[in-house]
Amino acid sequence: MVEQQGAASGDAVTTRIGQAIMLLHGGDREEARNRFSALWAQLGQDGDPLHRCTLAHYLADTQDDPGDELAWDLRALAAAEALTDGRPERHEAAVAARGLYPSLHLNLAADYMKLHRPEAARVHLDRARAASAALGDDGYGNGVRAAIDRLDRRLSGP
């Protein structure tokens, strides 16, 4: 029964994250930010790492200040790393996290570009490219790889 309640609670969080993502993609960044922030406060530092990773990843996209965006993307990466801490019960979560790393590092590279820190951007872009081997040959994977290539050209350009 406890597992079912935990799963139901996790499903509710996932649903709420999805609703806020729809707001973000629909152009209502402020309301999306408000909802993501409320969920973040509800989860706390000990909340499910996959939920924290997802929330921080999307909260970064709602920020107006590049420094704040970087801070949220760093939180997303830290939460993803908590998923891959080697504990056997986290195996499925660790597999899921491997698919997130290319996008997480790509976002960090873009953040550092905005902050005029090309060396740090290059480090994360290289990590994104290395991690991209975990991506499938599908729309998502191809899109992330294409974004890595675009940012690489910008970083290497004149």
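The values are calculated or read from the model by the stated rules, or taken from the named source; none is laboratory data. Since the model is a prediction, treat every value here as computed from it, not as a measurement. Methodologically, a virtual Cβ is constructed for each residue, glycine included, from the backbone with ideal geometry; neighbour enumeration extends over all protein chains shown. The area values use the complete protein model at the heavy-atom level, side chains included, leaving out ligands, DNA and RNA. Shrake-Rupley method; radii C 1.70, N 1.55, O 1.52, S 1.80 Å.
When you scan the range 106-119, how many residues do you find that are free of Cβ contacts under 8 Å to residues at least 40 places away in the same chain and closer than 18 Å to Gln63 by Cβ? Count: 3.
Identify, please: which residue in the range 127-152 is under 14 Å from Ala110 (Cβ atoms) and in contact (Cβ under 8 Å) with a residue 12 or more places away in the chain and is, among those, surrounded by the most Cβ atoms within 10 Å (Cβ to Cβ)? By that ranking, first place goes to Ala128. Scanning the range 19-72 for residues that are of a type in the set (D, E, K, R) and open to solvent by less than 40 Å² (accessible area, probe 1.4 Å), we see that the one that is modelled with the highest pLDDT is Glu69.
Of all the residues in the range 73-100, those that are open to solvent by 30 Å² or more (accessible area, probe 1.4 Å) and at pLDDT 95 or above number 2.
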